Every structure is written in structure tokens, then in C-alpha cells.
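What follows is a single structure, written as C-alpha cells, with notes after it.
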Amino acid sequence: MSVGRPGAPGGPRVRLVPGALEVALAARRCTTWPELAAAVRECTACAELAATRRQVVVGDAPAGARLALVGEAPGAEEDAAGRPFVGRAGKLLDELLAAAGLDRDEVAVLNVLRCRPPANRTPRPDEVARCRGWLERSLELVRPDLVVALGLTAAATLLGRGTKLADSRGRVHEVDGRRVLVSYHPSAAIRFGPAGQPRSALAVDLRLAATLLGEHR
Ligand code: URA
């Protein structure tokens with residue numbers, strides 16, 4: 001396997017924090033989802049997260065998934081279950097996916113971080129930089145037609161720092177040969193309530209995703 005320089009075309013996109021390159025190289029060695037899942041489960045690149053997590057939440061990658069959702073990081077329920085979006089935010093996500101005509105069982109569900117940050121704090125930039133290698137490789141292996149970033153952490157990770165949710169919604173971004181939509185995180189939709197803007201925006205954005213997938217057949 002050849003690996004380019006970090007930042008070079010074809011090379012791993014690695015922000016130079018200790019451990020990030022090692023993760024990116026380990027991720028690149030994985031050629032199948034089960035290999036990647038096994039490698040992620042062994043990851044101890046972020047000492048605090050490795051010490052405090054109950055489980056690594058690798059993500060769901062059903063065969064042939066055409067849509068990938070990227071959230072922020074596992075919460076307490078995901079940490080206990082070992083699966084992404086199984087708590088309250090996950091229930092709402094399932095509901096809004098179904099309303100958009102999308103079947104969660106056919107959707108890849110990933111997170112920027114694979115370990116729960118203690119007390120659900122926001123992921124730190126160095127953690128995002130280290131875990132990025134797993135995310136990039138996950139997307140390369142799943143090869144979805146469309147990615148939806150849920151919330152600012154995912155949007156900024158995929159589109160770059162300085163991304164603003166409100167400005168980035170409603171259009172397709174082409175990033176590294178990938179089509180990316182941006183939306184609110186289901187937790188924001190819960191926080192602002194059923195009549196709040198994040199919930200209606202997330203519903204609209206998932207319908208847009210379904211439409212784009214229909215057009216892309
Ligand atoms: N929030 C996330 O961002 N991801 C999960 O898996 C659960 C809650």
C-alpha cells in the first residue's frame with residue numbers, strides 16, 4: 001500500500017497532532033468494514049477517552065448503504081449499547097428518517113468520534129484530528145452516494161473550520177469527491193422542541209437527502 005504525505009493529494013488528511021498520523025495509517029491498512037471495526041475497537045489514541053469509555057462505538061455500515069449520516073460522538077446510551085444514535089436523539093432521527101422515506105437499516109450511521117467524551121463534553125480539536133483517520137476510511141469503505149453531517153462538529157469536520165450550519169444548509173457541497181449535505185443535530189431538534197427551527201430544518205434536509213438519492217440512481 002502506498003501512503004502519500006499528509007496533506008498531499010491522495011495522502012491522508014491529517015492535522016498534525018500526536019497520534020493522528022498513526023490512526024490514519026492504521027485506518028488505511030483496513031480494507032474491509034470488519035477489519036476497520038476490529039481496529040477501531042482497539043484504538044487508544046486518545047488516552048482520556050480510552051480510559052473513560054465503556055465501549056467503542058464503531059458505527060453502523062449496512063452493505064450497500066447509499067446514505068451516510070455523521071453525528072458528533074456517542075452519548076451515554078450509545079457508550080453502553082456500542083451502537084450509534086440509540087438514545088433520545090436516535091429515536092428522533094429514526095422518526096425523521098422514516099418520515100423522509102429512508103430506512104435506518106439501509107443507512108450508514110457514523111460519528112466524528114468513536115468514543116464518548118466524559119460527561120458528553122464537546123469533542124476537543126485534538127480528538128477530532130486523531131479520530132479523523134477512522135472517519136475518512138469509514139467513508140472510503142462505505143462509499144455512500146451522499147453524506148449528511150448532523151450538527152456543527154460533523155459539518156466543520158467534513159467541510160472545514162469556520163463552517164456555519166445556517167449558511168451551509170440546503171445545498172450540496174462537493175468535498176474530496178463526496179457529496180455532503182449539512183443539517184442540525186437531532187439533539188438540537190430536541191432542545192428547541194417540536195415547533196423549533198432545528199427540527200423542521202432536519203426534517204426538510206432528510207427529505208432533500210432522499211430526493212437527491214432518488215435522482216442519483
Ligand atoms: N449523538 C451523536 O452525535 N451521536 C450518537 O451516536 C448519539 C448521540
With a ≥ b ≥ c from the Cα gyration tensor eigenvalues, square-rooted, and the rule rounded for a/c under 1.5, otherwise prolate when a/b > b/c and oblate otherwise, region 65-157 is oblate
Take the alpha carbon atoms of region 20-216, find their radius of gyration, then divide it by 2.2 N^0.38 Å using N residues; give the quotient.
0.94
Rounded to 10°, Cα long-axis angle of helix 197-215 versus longest principal axis of the chain
80 degrees
Using 0.36 nm per residue, how much length does the chain from Asn120 to Glu140 gain when fully extended, once their Cα-Cα distance is taken away?
4.4 nm
Paramagnetic label zone (point 7 Å from Cα along Cα-to-C-beta, Ala80; backbone N under 18 Å) in region 120-147
120-121
Scoring only Lys, Arg, Asp and Glu (+1, +1, -1, -1) among other residues with Cβ under 15 Å from the Cβ of Gly82 yields +1
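In percent, what relative contact order does region 20-216 have, based on Cα pairs under 8 Å that are 6 or more apart in sequence?
24 percent
Read the figures in this text as sums done on the coordinates, not as results from a lab. Source: prediction; values computed, not measured. Because the Cβ atoms are built from the backbone with ideal geometry, glycine has one as well, and the counts that use them run over all protein chains shown.
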